[in-house]
Amino acid sequence: MSDQPQSQPKASPLDVAIVVVTYKRSQLLAQLLDSLVELRTAPSRIIVVDNASGDDTGDVVESYRERLGKRADGEDRLVYAPQAENTGGAGGFSAGAKIAYDLGHEWLWLMDDDVAVLPDAIDALEPWTHRFKVIQGRRYNFDGSPFYWQFDFNAHLGIPNPIAKDHFGADGWLPMNTVCFEGGLFHRDIVAQIGLPDPRFFIYWDDTVYGYLASKVTDLALVDAFILRRTRELKRLDLGPRKLNGTSDMVRFHIMRNRGYMARYFALHGDYNRFVFGFGTLLTLAKELIRVVTVDHSFRKGVPALFRGMRGARRIYRDKSWQPMPPLS
């Protein structure tokens with residue numbers, strides 16, 4: 001790791017703030033920050049939201065302050081935002097998006113800490129910003145293979161279409177109705193209209209629903225440009241072109257519980273049918289049971305986590321005090 005970038009990055013034609021959420025993964029975060037140092041075009045700001053890691057994350061972030069440089073106005077490009085408590089990825093992205101929005105940035109680029117940004121990523125995204133206000137670029141898996149984004153979401157079932165073909169063709173983009181907070185790029189006008197990401201999700205489905213809400217006010221584009229690579233290897237079941245990654249019991253719980261939030265948002269837009277969505281919940285449960293048995297081998301703890309999540313989803317849907325996240329405009 002060098003102390004200084006090999007060459008100074010050029011100024012970006014985009015006013016883009018990169019929002020990174022991290023939690024107790026300072027080594028992975030360092031790899032991401034290394035990649036941001038090496039960007040050929042510099043972002044306007046880099047906002048690192050630390051979800052109360054309680055380790056050396058703050059020291060790691062501060063060690064990059066000089067390397068990431070200053071803005072044209074003389075301010076540091078890096079903003080470190082430690083949180084008082086761990087609010088999950090959803091809470092972290094909500095907090096980070098608010099910081100970027102309040103600072104007045106035009107574009108918000110959200111990403112987890114277990115990716116690295118390719119050096120020409122901003123240059124690859126910039127041409128698409130003249131046509132779209134929500135953009136998702138492509139990503140490489142840890143092993144270098146192309147990752148398959150589940151870009152086609154069936155809101156009535158509440159599940160992604162697993163057989164949608166990502167054949168880009170000559171146009172180089174595909175319409176989508178969901179997004180991932182692993183490299184999703186949002187114009188501030190969209191954030192103003194649909195509000196901040198909902199922190200109540202804690203983890204899982206938060207980005208799916210945020211992309212769904214964005215699709216109600218603008219066209220979303222999955223573009224044929226690789227901008228990220230995964231830096232963490234996951235346990236997974238290889239199903240040919242699709243992969244079933246391993247996960248934790250905490251994530252399993254939220255996969256099922258957060259379907260309650262999904263149902264509330266879908267109902268607001270007329271996309272909720274109790275019986276169709278219930279069938280989608282059964283399909284989701286079946287998928288998670290397969291994951292428990294074939295990938296994680298945690299049947300004894302994994303199955304109760306799924307059913308606790310389902311009970312939590314029912315409570316959310318029956319909560320008469322529930323309100324959606326408000327628009328900012």
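We did not get these values from a lab; they are worked out from the coordinates using the rules stated. For clarity, every value in this text was computed on a predicted model and none was experimentally measured. FYI the Cβ positions are ideal-geometry reconstructions off the backbone, even for glycines, and counts take in every protein chain you see.
In sequence order, the range 189-203 has phi-based couplings of 4, 6, 4, 4, 6, 9, x, 6, x, 7, x, 5, 5, 6, 9 Hz under the Karplus curve 6.51 cos²θ - 1.76 cosθ + 1.60, θ = phi - 60°, and Gly or Pro positions carry x.
Ordered by the number of other Cβ atoms lying within 10 Å of each residue's own Cβ, fewest first, H187, H297, H105 fall into the sequence H297, H187, H105. Between the listed residues Y317, A305, M262, the Cα displaced farthest toward the positive end of the dipole of the range 237-318, a dipole computed from Cβ unit charges relative to the Cα centre, is found at Y317.
Give me Rg/Rg_expected for the range 10-232, where Rg uses Cα atoms only and Rg_expected = 2.2 N^0.38 Å with N residues. With N residues counted in the range 10-232, Rg over 2.2 N^0.38 Å equals 0.95. With each label modelled as a point 7 angstrom along the Cα→C-beta vector, the L234-Q27 pair spans 1.9 nm. Counting other Cβ atoms within 10 Å as a rough exposure proxy, the listed residues F299, F201 run F299, F201 from fewest neighbours to most. Dividing the mean sequence gap of close Cα pairs (under 8 Å, 6+ apart) by how many residues the chain holds gives a relative contact order of 18 percent. Share of pairwise Cα-Cα distances greater than 17 Å in the range 237-318 is 48 percent (whole percent).
Residues Y210, Y204, arranged from fewest to most other Cβ atoms within 10 angstrom of their Cβ, appear as Y204, Y210. Between D319 and N154, the simple spin-label model (points 7 angstrom out along Cα→Cβ) gives 2.8 nm. In this structure, the amide hydrogen of I47, modeled 1.01 Å from its nitrogen in the peptide plane, lies closer than 5 angstrom to those of I18, V19, V20, V79, counting only residues at least 5 positions away or on a different chain. Checking the cross-link pairs K133/K320; K10/K70; K133/K287; K24/K98; K98/K133; K24/K165 against a 24 Å limit on the alpha carbon distance flags K133/K320; K133/K287; K24/K165 as lying beyond it. Dipole check for the chain: with +1 at the C-beta of Lys and Arg, -1 at the C-beta of Asp and Glu, and the Cα centre as origin, the magnitude is about 1660 Debye. Extending 7 Å from Cα along the Cβ direction at D166 and again at V217 yields two label points whose distance is 2.7 nm.
Each other residue within a Cβ distance under 15 Å of K10 adds +1 if Lys or Arg and -1 if Asp or Glu, for a net charge of -1.
Of the residues T208, L196, A95, the one whose Cα sits farthest towards the positive end of the charge dipole of the range 10-232 is T208 (charges of +1 on Lys and Arg Cβ, -1 on Asp and Glu Cβ, taken about the Cα centre).
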